[in-house]
Structure formats: C-alpha cells, structure tokens
Amino acid sequence: MIFDYRNNVAKYEEFQQYIREYQPKILAVWGKNDVSFIPQGAKAFRKDAENVQIHLLDTGHFALETHAAEIAQMISNYF
C-alpha cells in the first residue's frame, strides 16, 4: 500500500476534478497531530467542495485506534 501511494498522488488532480464536478458529501476526520497527513490536507477539501465537514481530533495518524467510537458516531451522523 505504501509503495502504491505515489500513484494516488499522481491522480490528485483527477480526484479534485471529480469533487468539483459532483460535489459529494465529504467527512474528513483527521488526527491534528498527524505528521504524515497534516491537518491542512483535510482543510484543502474546502477548496473544491461545498458540503464538507472537518473534524481534527487530538490524536495522530492512527485515529481509529484511539477514537473509533467517536469517529463511528460522526460517520453515522453525517451520512
């Protein structure tokens, strides 16, 4: 999965175009202390989509390990 991440990066423009065109609901739940996927990555969704909800949790990269119940509730509430 890590090796293939470079292919995801190459497709970012396609992902962004899809979001701009179709305006899907986006729930971005991020660890505010994540050094791999920094909070600005979550906030960037606002550039392309109107229906975005962002939550920055007091955790790192593996937010589900410490906040699974809270994240599950956010998913249930949003979708």
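Tabulated values for the structure
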{"read-out": "Heavy-atom accessible surface of the chain: percent carbon and sulfur, 1.4 Å", "value": "56 percent"}
{"read-out": "Fluctuation leader among 47, 11, 25 - the chain, Gaussian network, Cα springs under 10 angstrom", "value": "11"}
{"read-out": "Filtered chymotrypsin sites (Phe, Trp or Tyr not before Pro), the range 36-73: DSSP coil and at most 11 other beta carbons within 10 Å", "value": "62"}
{"read-out": "Residues of type aspartates and glutamates that residue 43 reaches as a straight line, Cα spacing below 17 Å, ignoring anything fewer than 8 places off in the same chain", "value": "13, 34, 58"}
{"read-out": "Residue 25 versus residue 47: modelled label distance in nm, points set 7 Å from Cα along the beta carbon direction", "value": "2.5 nm"}
{"read-out": "Alpha carbon convex hull of the chain, volume per residue in cubic angstrom", "value": "100 Å³"}
{"read-out": "Peptides 49-55, 64-70 ordered by average Cβ neighbours within 10 Å, highest first", "value": "49-55, 64-70"}
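The values are calculated or read from the model by the stated rules, or taken from the named source; none is laboratory data. Quantities reported herein were computed from a predicted structural model and do not represent experimental measurements. Neighbour counts run over all protein chains shown; Cβ positions are idealised from the backbone, glycine included. Calculation scope for accessible area: heavy atoms of the full protein, side chains included, ligands and nucleic acids excluded. Shrake-Rupley method; radii C 1.70, N 1.55, O 1.52, S 1.80 Å.
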